[in-house]
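Notes to accompany the following structure.
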Number of protein chains: 2
Amino acid sequence: MNRTTQVAASLSEEEARLPASERAYRQLKQLILDNEIPAGSQMLELEAAARLGMSRTPVREAMVRLEQEGMVELRSRHGMRVLPISPDALAEIYEILTALEGAAAEAAARKGADDSQLADLQHAVDDMEVALASDDLIRWSRADARFHRLLVELAGNRRLAALVEQVSDQAHRARLTTLRMRPKPVGSNRDHAALVQAIRDRDPQRARDIHEQHRRRAAQMLVSLVRDFGLKQL
Amino acid sequence: MNRTTQVAASLSEEEARLPASERAYRQLKQLILDNEIPAGSQMLELEAAARLGMSRTPVREAMVRLEQEGMVELRSRHGMRVLPISPDALAEIYEILTALEGAAAEAAARKGADDSQLADLQHAVDDMEVALASDDLIRWSRADARFHRLLVELAGNRRLAALVEQVSDQAHRARLTTLRMRPKPVGSNRDHAALVQAIRDRDPQRARDIHEQHRRRAAQMLVSLVRDFGLKQL
DNA sequence: GGATGCGTTTATGCATACATTAATTGATGC
DNA sequence: GCATCAATTAATGTATGCATAAACGCATCC
């Protein structure tokens with residue numbers, strides 16, 4: 001097959017020279033996160049290979065990585081199956097996120113942040129405020145994601161950051177779907193502002209308490225939302 | 001090549017009929033955990049394939065999984081490199097373990113355990129006592145591992161359990177090496193007994209506090225031990 | 001009409017072939 | 001003697017070939 005065949009999305013120059021297996025991994029993951037391969041649906045190795053313009057080998061490698069991350073399930077003869085997120089699964093994921101990000105908040109407050117880092121955090125909070133005022137949910141969720149990422153980076157634990165990203169990705173589609181169903185995240189913003197203050201004050205215990213409460217509330221809201229809407233899988 | 005060639009460790013009947021990629025994954029991981037492939041050492045795909053009596057394909061798949069787990073690093077042209085555990089890495093790993101297992105202890109106390117489960121936990125504690133009294137460090141560490149595994153299972157969160165195992169494996173070699181260097185784990189046993197009581201009493205907050213303190217102390221001890229002995233990598 | 005069994009198809013799992021590229025070695029020039 | 005550059009080697013990354021085994025369809029039988 002012609003090496004330059006491009007069936008899938010066009011690639012930036014930079015992406016084009018990445019190893020095919022890495023491209024396969026990123027593109028498949030993106031397709032899943034964007035809900036373009038819906039939960040529960042299956043995709044054969046050969047299908048994916050054709051779609052991405054490469055052979056089965058790098059595609060298989062990508063699928064193995066995605067399985068290891070908990071995004072898909074590999075069933076022999078049926079290719080990969082995008083794992084649906086049940087309400088119970090969502091509860092499990094948020095229980096883990098609460099623990100990990102709570103530890104991150106504590107560590108961030110213990111280590112302290114410099115002015116530039118605090119400004120970044122504050123900027124994300126402000127961004128959320130603005131988005132909320134203008135009913136821009138997409139912008140709000142982007143700023144929220146940025147806030148959480150910055151927070152976790154402040155903890156200065158690379159393994160922790162990688163784990164949080166991995167687990168958080170598993171809940172991505174659920175957040176996406178419920179974004180328009182949930183009440184306006186007003187309380188969320190208050191929590192974030194209070195957390196920034198706790199980090200500024202170098203108060204690890206308070207930082208952790210605030211963030212854990214924040215995550216727990218978000219989890220309860222999300223899970224009951226999903227349950228009440230009868231969404232068996234996302 | 002003859003399909004039955006067996007260069008590596010002999011396999012049980014059961015293991016023999018597992019997919020080659022699964023065998024490769026388990027055997028390579030075991031070799032790493034047992035320190036038979038020392039930290040920092042490299043192994044080419046072809047070497048591993050010859051050693052395991054299979055082709056590069058399943059070996060490569062196994063290596064990808066091990067990399068995703070943080071056990072090895074894949075460097076093009078140099079095969080896989082067993083990641084050494086620096087004191088800083090150990091601190092990172094224990095920070096994560098503390099958070100995850102703390103959450104597990106809390107959940108276990110919240111959900112409660114039935115008599116059989118409590119008995120299993122208690123039995124592990126007793127086992128540690130006996131092992132300690134007879135200076136049997138191997139037995140002690142086995143019982144300790146069992147206790148932690150039971151505890152995490154009690155939380156009833158499969159994703160959490162899988163993550164804890166993955167992260168805990170990363171610290172395995174460090175525990176192994178320091179087992180004979182550390183002071184006798186007397187306090188450890190007291191912590192465990194107190195934790196069982198907290199679960200019995202259905203006191204989530206206390207369970208979590210006890211276990212987090214336990215892990216934090218263990219972490220401090222391990223990290224400073226490793227640092228003081230000048231062990232740059234394990 | 002439905003179930004059962006056989007032959008065919010198909011996707012995988014692994015082995016192998018091939019192209020690519022980094023490392024190494026050796027030769028040559030200074 | 002040392003540095004530079006080309007040629008060779010070696011290991012990967014990807015594609016392809018092939019055996020296996022599961023799923024499917026179809027025909028036959030009850």
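The values are calculated or read from the model by the stated rules, or taken from the named source; none is laboratory data. Please read all numbers here as calculations on a predicted model, not as lab measurements. Don't worry about glycine lacking a Cβ; one is built from the backbone with ideal geometry, like all the others, and counts go over all protein chains shown. Areas reflect the complete protein model, heavy atoms only, side chains present, ligands, DNA and RNA absent. Shrake-Rupley method; radii C 1.70, N 1.55, O 1.52, S 1.80 Å.
Copy-to-copy label distances for B:L137, where each label lies 7 Å from Cα along Cα-to-Cβ, are 5.8 nm in order of increasing length.
The distance from the alpha carbon centre of region A:68-104 to that of region A:195-234 is 18 Å, rounded to a whole number. For region B:13-82, the fraction of C-alpha pairs more than 13 angstrom apart is 60%. In this assembly, the A-B interface accounts for approximately 2500 Å² of buried accessible surface in total, computed with a 1.4 Å probe and without ligands, DNA or RNA. Ordering B:L121, B:G102, B:Q166 by the projection of their Cα atoms onto the charge dipole of chain B, which places +1 on the Cβ of Lys and Arg and -1 on the Cβ of Asp and Glu, puts B:Q166 at the extreme positive end. Across chain A, the mean sequence separation of Cα contacts (distance under 8 Å, 6 or more residues apart), normalised by length, yields a relative contact order of 25 percent.
The mean number of partner chain beta-carbon atoms within 10 angstrom of a residue's beta-carbon across peptide A:66-72 is 2.
Neighbouring Cβ atoms from other chains, within 10 Å of the Cβ of residues in B:91-102, number 5 on average. Spherically averaged projected area of the convex hull of Cα atoms, chain A: 13.7 nm².
Gyration tensor analysis over the Cα atoms of region B:100-234 returns equivalent ellipsoid semi-axes of 25, 17, 13 Å (largest first, whole Å). Net charge dipole, the protein assembly as shown: roughly 680 debye, given to the nearest 20, about the Cα centre with Cβ charges of +1 for Lys and Arg and -1 for Asp and Glu. Residue pairs exceeding 31 angstrom between C-alpha atoms, taken from A:K29/B:K232; A:K29/A:K232; A:K29/B:K111; A:K111/A:K232; A:K184/A:K232; B:K29/B:K111: A:K29/B:K232; A:K29/B:K111; A:K111/A:K232; B:K29/B:K111. Charge tally for A:L179 (other residues, Cβ to Cβ under 13 Å; Lys, Arg +1; Asp, Glu -1): +4.
The 1.4 Å probe gives accessible areas that order A:H192, B:H172, largest first, as B:H172, A:H192.
Shown for B:Q42: label points 7 Å from Cα along the beta-carbon vector, and their distances to the equivalent points in the other copies, 4.1 nm in ascending order. Taking all C-alpha pairs of the protein assembly as shown, those more than 28 Å from each other amount to 59 percent.
Think of region B:87-228 as having a plus end and a minus end, set by charges on the Cβ of Lys, Arg, Asp and Glu; of B:A143, B:V226, B:G156, B:V226 sits farthest toward the positive end of this dipole. Our helix-only sum for chain A, with -39,500 (n - 2.57) per DSSP H run of n ≥ 4 divided by its residues, gives a mean residue ellipticity at 222 nm of -22500 deg cm²/dmol. Taking the accessible area of region B:13-82, probe 1.4 Å, and keeping the other protein chains in place, the carbon and sulfur fraction comes to 46%.
Rounded to the nearest 20 debye, the dipole magnitude of region A:87-228 is 180 debye, with +1 charges on Lys and Arg beta carbons, -1 on Asp and Glu beta carbons, and the Cα centre as origin. Taking the charge dipole of the protein assembly as shown about its Cα centre, with +1 at Lys and Arg Cβ atoms and -1 at Asp and Glu Cβ atoms, the residue from A:I93, B:V196, B:I32 reaching farthest to the positive side is B:I32.
Normalising by residue count, region B:161-234 has a Cα convex hull of 93 Å³ per residue. Taking the Cα centre of region B:20-70 as reference, the dipole from Cβ charges on Lys and Arg (+1) and Asp and Glu (-1) amounts to some 140 debye. Starting from the label point of B:R227 at 7 Å along Cα→Cβ, the same points in the other copies fall at 4.5 nm, in ascending order.
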